[in-house]
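Asks: Take this structure, written in structure tokens, and hold onto it; I'll ask about it next.
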Amino acid sequence: MSEIKKVIVLAGDGIGAEVMPVATELLALVAKERGEALDVIAMPIGVEPLLAEGRSLPDATLRACLEADSVLLGALGDPRFDDQDPKERPEIALLALRKQMGVYANLRPVQWIEALAKCSPLRPEIGRGSDMVVVRELGGGIYFGEPRGIDEAKKDARRAFNTMIYTEAEITRIAKRAFELASGRRKSLVSVDKANVLEASRLWRTVVSEVAREFPEVQLRHAFVDAFALELACRPADLDVVLTANLFGDVLSDESAILHGGLGLLPSASLGDGPGLFEPVHGSAPDIAGKDRANPIAMVLSMALMLHHGLGWTEEAERVERAVHKTLESGARSADIAVGSDEVLGTRELGARINAAFLDSERVRS
């Protein structure tokens, strides 16, 4: 009998509590179809423990995540804490969790979905055929560099500072991840930096070029981030794997949502040498929390990434993705991606449709 795999579920804040059950219900169906048991454990993170014990990432939650096979995260953030010191906001739990779990490669796949052509601001002939993965370095760069802070010592002369630091080792490990991914896809990789201005980017470009020699089958080119931002909007179908630093990857991967017309469909996988962290790209959306209006698809697709990269259930991951596409092709939509005569469903009902499409795919196959 195979070892029971442990999945830690962190619903988090805002709409996280609504989209997470959609993903875990489908996860239970997947496990049942495989005839395998999963140990799925919900743990607190974000506002709830912050209010209860003054910490958004409790020690017990962190321990559970480090001992798990995979971690599924909903969303973090609450406007009640927007004016607080960053160290006292619920979002700090995400950076701490990534650091403690040692995840350094953030994969954000995005592809053109013909059923959503009306949602995208891009003309179909520009977006059609797009299928890319943004590989964002997640453990270093300006989000973690020291020193950082706000100096208010001088009256009327406040200054704030952050430091963008990358070591050769950090660049090498993320570059190898990206090249390995490109080797199994269309063998094309663009590395995005700002080497004409930033010393950190100059080292980035040098090291990426050195790693490229280990992957002669992959075609590498370099691009400056400002020019690439335009390329991403104008020629997305030309892109395969996009490798970039933490800050640039944060911005560019959100821009890639232009293919869908919103962030509600973008999943992500954060990988390292231990358990992976899987989460939707969207935020906690407090303005619609509790209204059964949240789009659960990014959460479902993040769960599919977990099946593939975290549990090794590749066939089931592909079935989940097909179920999402089939549901969208039927005209079912959440409010954020509905256009014209589309059928607008609430979070729970859209999740039920995806579940039904998943089960139908198995019946058709058998």
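Asks: Please work out which residue is nearest to L239 (Cα to Cα), limiting yourself to segment 123-151 and to residues that are part of a loop (DSSP other than H, G, I, E, B) and open to solvent by less than 20 Å² (accessible area, probe 1.4 Å). Working first, answer last.
Replies: Taking segment 123-151 and keeping what is part of a loop (DSSP other than H, G, I, E, B), we get 123, 128-130, 138-140, 144-148.
Subset that is open to solvent by less than 20 Å² (accessible area, probe 1.4 Å): 130, 138, 140, 145.
Values: S130: 7, L138: 21, G140: 25, G145: 30 Å.
Here the answer is S130.
Asks: Out of the residues in segment 32-55 that are of a type in the set (K, R) and more than 17 Å from E88 (Cβ to Cβ), state the one that is most open to solvent (accessible area, probe 1.4 Å).
Replies: K32
Asks: Please go through segment 296-308 and give me each residue that is in contact with a Ser or Thr (Cβ under 8 Å, 6 or more places away or on another chain) and open to solvent by 10 Å² or more (accessible area, probe 1.4 Å), ordered by number.
Replies: L305, H308
Asks: Only one of (1) part of a helix (DSSP H, G or I); (2) charged (D, E, K, R); (3) in contact with a helix residue (DSSP H, G or I) (Cβ under 7 Å, 6 or more places away or on another chain) is not met by D360, so which one is it?
Replies: For D360, the exception is condition (3).
Asks: Answer with yes or no whether V241 is open to solvent by less than 60 Å² (accessible area, probe 1.4 Å) and without any contact (Cβ under 8 Å) to a residue 40 or more places away in the chain.
Replies: Judged against the criteria, V241 is not a match.
Asks: Restricting segment 239-265 to residues that are part of a loop (DSSP other than H, G, I, E, B) and modelled with pLDDT of 95 or more, which is nearest to R173 (Cα to Cα)?
Replies: Step by step, filter segment 239-265, then rank; the result is A245.
Asks: Scan segment 45-58 and give yes if some residue there is touching a strand residue (DSSP E or B) at 6+ places or on another chain (Cβ under 6 Å) and under 15 Å from F278 (Cβ atoms), otherwise no.
Replies: Filtering segment 45-58 down to residues touching a strand residue (DSSP E or B) at 6+ places or on another chain (Cβ under 6 Å) leaves 45-46.
Then drop every residue that is not under 15 Å from F278 (Cβ atoms), which leaves 45.
Within segment 45-58, one or more residues are touching a strand residue (DSSP E or B) at 6+ places or on another chain (Cβ under 6 Å) and under 15 Å from F278 (Cβ atoms).
Asks: When only residues in segment 152-181 that are part of a loop (DSSP other than H, G, I, E, B) and in contact (Cβ under 8 Å) with a residue 60 or more places away in the chain count, which is least open to solvent (accessible area, probe 1.4 Å)?
Replies: Per the stated criteria, the residue is Y166.
Asks: Take the residues of segment 56-81 that are out of contact with any Lys or Arg (no Cβ under 8 Å at 6 or more places or on another chain), of a type in the set (D, E, K, R) and modelled with pLDDT of 95 or more: which is most open to solvent (accessible area, probe 1.4 Å)?
Replies: R63
Asks: Name every residue in segment 133-151 that is among the hydroxyl-bearing types (S, T, Y) and free of Cβ contacts under 8 Å to residues at least 40 places away in the same chain, in order of residue number. Outline the logic, then answer.
Replies: Kept after step one, since they are among the hydroxyl-bearing types (S, T, Y), are these residues of segment 133-151: 143.
Matches in segment 133-151: none.
Asks: Going by the structure shown, is R353 in contact (Cβ under 8 Å) with a residue 60 or more places away in the chain and open to solvent by 40 Å² or more (accessible area, probe 1.4 Å)? Spell out how you get there, then give the answer.
Replies: On the way: in contact (Cβ under 8 Å) with a residue 60 or more places away in the chain: no; open to solvent by 40 Å² or more (accessible area, probe 1.4 Å): yes.
Here the answer is no, as R353 does not meet what is asked.
Asks: Taking the condition of being open to solvent by less than 60 Å² (accessible area, probe 1.4 Å) and over 25 Å from the mean Cα position of the chain (by Cα), how many residues in segment 213-229 meet it?
Replies: The number of residues fulfilling the criteria is 1.
Asks: Suppose we filter T327, T314 for residues that are surrounded by fewer than 19 Cβ atoms within 10 Å (Cβ to Cβ), farther than 27 Å from T61 by Cβ and of a type outside the set (A, V, I, L, M); which single one remains?
Replies: T314
Asks: Go through (1) farther than 15 Å from I171 by Cβ; (2) open to solvent by 70 Å² or more (accessible area, probe 1.4 Å) and name the single condition P236 misses.
Replies: (2)
Asks: A332 is checked against (1) in contact (Cβ under 8 Å) with a residue 24 or more places away in the chain; (2) open to solvent by less than 50 Å² (accessible area, probe 1.4 Å) and fails just one. What number does that condition carry?
Replies: Condition (1) is where A332 drops out.
Asks: Another question about this same structure. Among the candidates A93, A117, which residue alone is open to solvent by less than 10 Å² (accessible area, probe 1.4 Å) and either among the aliphatic types (A, V, I, L, M) or at positive phi (or both)?
Replies: The unique qualifying residue is A93.
The values are calculated or read from the model by the stated rules, or taken from the named source; none is laboratory data. None of the values given here were measured: they were computed from a predicted structure. For neighbour counting, all protein chains shown are included, and Cβ atoms are generated from backbone atoms with ideal geometry for every residue, glycine included. In case anyone asks, the SASA skips ligands and DNA or RNA and just uses the protein heavy atoms, side chains included. Shrake-Rupley method; radii C 1.70, N 1.55, O 1.52, S 1.80 Å.
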